[in-house]
Protein chains: 2
Amino acid sequence: MRIGVLGTGMVGQAIGSRLVALGHEVQMGSREAGNENARAWVERAGHGASEGSFEDAAAFGEMAFNCNAGAHSLAALEQAGRDNLAGKVLVDVANVLDSSEGAPPTVGVGTNDSLGEQIQRAFPDTKVVKSLNTMNCEVMVDPSRVPGDHSVFVCGDDVDAKDQVKALLESFGWPSGRILDLGGIRSARGAELYVALWLALWGAVGTGDFNIAVVRSS
Amino acid sequence: MRIGVLGTGMVGQAIGSRLVALGHEVQMGSREAGNENARAWVERAGHGASEGSFEDAAAFGEMAFNCNAGAHSLAALEQAGRDNLAGKVLVDVANVLDSSEGAPPTVGVGTNDSLGEQIQRAFPDTKVVKSLNTMNCEVMVDPSRVPGDHSVFVCGDDVDAKDQVKALLESFGWPSGRILDLGGIRSARGAELYVALWLALWGAVGTGDFNIAVVRSS
């Protein structure tokens, strides 16, 4: 599949590399084609990897990942272009974090909205699926780094889009029973607000190689 | 130990009954002494259970639990009285939920504060420990309802107070390794904002008998 990865940071690189390793053609997008991080990533990722502007990568992909910082995501997606994203699945991996009060940062969208919903409202012709934002990027693409039946969430209004994302998550190594569908894109609030607990847990646990397992009575 | 349980709802009743069963003397407090729920609870809980006003219960307890609805907690604690709570450990189990937008409710305190912090600010002479707010009240007092190494959190500025609460949690059945200390009372933000995910999970999982286990690489 052709996939656009928007954002050149650690998250974009981890997801982009995993997708290339799985045989997909991946174009990493940034504000301007020729971005230094993106070019270095293309060299490392090898065959199947390319880079370009946000517009280029969004047009290239049959599907796209938003791996930008949360606070810049809407602007980056505007630049990627409504038409280039129309009709496509957009996996939103971003968190809006506000460090203005010091560490740990606070979640920046408030409690009665989410970045996932904001993106879905701004791009009504795109099928937004919130996923993977609840863990370290290394765990996202290699869940075996953490033992146990830990969980990943998907949130979105389009059932087919969520099925496509679930299939991709399975190819990353997530067993289907550990992919929890939280419902419509409104449920992205839960996945995004959890990040406040995730940040506190990171401090308590002492490593980013952790996750939560949802356990229930049988 | 003498313990005041402030609030007569399901959470107060579950915690009160468990404490009585463990041999503590428990007074359930409500706006006015003689509350119908509280009187029925005293009858069920038996020896060691009593009821009274918020003031009565706070004065009675060497320790207190805030089991009121989040939105009413500060008013209830004001009524309980600063002097009656001074120098004591107050375990804050409450969540502020806002149902004005329909179901599921949203978390009502915003992302850069928490009820735990609000209570600690309003009662600087009381040792506030946020705990147990991340699960169904039946799981709070009987973690064996859910299989696996699932977790409970404690947040608070006073280390000795957290140690007292940890000991009480162990007596409820929580093994010490599953009691995660998230740090100061500021970390109550994480525990409270997680409730947005908990609400979404409840819908996805289909039972309140669930919890999260924090798993990490060894």
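Candidates in segment B:110-124 are the residues that are surrounded by fewer than 21 Cβ atoms within 10 Å (Cβ to Cβ) and at the interface with chain A (Cβ under 10 Å from one of its Cβ atoms); of these, the one that is nearest to A:Asp113 (Cα to Cα) is B:Gly110. In this entry, B:Gly177 passes the filter for residues that are more than 17 Å from the chain's Cα centre (by Cα) and more than 7 Å from chain A (Cβ to nearest Cβ). For the residues A:Ala75, A:Ala58, A:Ala94, A:Ala71, the requirement of being crowded, with 21+ Cβ neighbours inside 10 Å and not in a loop (DSSP other than H, G, I, E, B) singles out A:Ala58. Name the single residue, out of those in segment B:146-183 being touching a residue at least 40 places away in the same chain (Cβ under 8 Å), in contact with a strand residue (DSSP E or B) (Cβ under 7 Å, 6 or more places away or on another chain) and in a helix (DSSP H, G or I), that is surrounded by the most Cβ atoms within 10 Å (Cβ to Cβ). Among residues in segment B:146-183 that are touching a residue at least 40 places away in the same chain (Cβ under 8 Å), in contact with a strand residue (DSSP E or B) (Cβ under 7 Å, 6 or more places away or on another chain) and in a helix (DSSP H, G or I), the one surrounded by the most Cβ atoms within 10 Å (Cβ to Cβ) is B:Val165. Among the residues making up segment B:25-55, those that are within 20 Å of the chain's Cα centre (by Cα) and assigned to a helix (DSSP H, G or I) are B:Asn37, B:Ala38, B:Trp41, B:Val42, B:Ala45, B:Phe54, B:Glu55. Scanning segment B:18-32 for residues that are closer than 24 Å to B:Leu74 by Cα and in contact with a helix residue (DSSP H, G or I) (Cβ under 6 Å, 6 or more places away or on another chain) gives B:Val26, B:Gln27, B:Met28, B:Gly29, B:Ser30. In this structure, does A:Glu138 turn out to be within 12 Å of chain B (Cβ to nearest Cβ), modelled with pLDDT of 95 or more, out of contact with any strand residue (DSSP E or B) (no Cβ under 7 Å at 6 or more places or on another chain) and farther than 15 Å from A:Leu90 by Cβ? In short, yes. Residues in segment A:97-109 that are in a loop (DSSP other than H, G, I, E, B) and either at negative phi or surrounded by 16 or more Cβ atoms within 10 Å (Cβ to Cβ) (or both): A:Ser99, A:Ser100, A:Glu101, A:Ala103, A:Pro104, A:Pro105, A:Gly108, A:Val109. Summed over segment A:184-218, residues that are at the interface with chain B (Cβ under 7 Å from one of its Cβ atoms), in a helix (DSSP H, G or I) and under 26 Å from B:Thr207 (Cα atoms) total 9. Within segment A:108-119, the only residue that satisfies the criterion of being within 12 Å of A:Glu192 (Cα to Cα), in contact with a strand residue (DSSP E or B) (Cβ under 7 Å, 6 or more places away or on another chain) and of a type in the set (A, V, I, L, M, F, W, C) is A:Leu115.
The values are calculated or read from the model by the stated rules, or taken from the named source; none is laboratory data. The shown structure was predicted, so the numbers you read here are calculated from the model rather than taken from an experiment. Every residue, glycine as well, gets a Cβ built from its backbone with ideal geometry; the counts of neighbours run over all protein chains shown.
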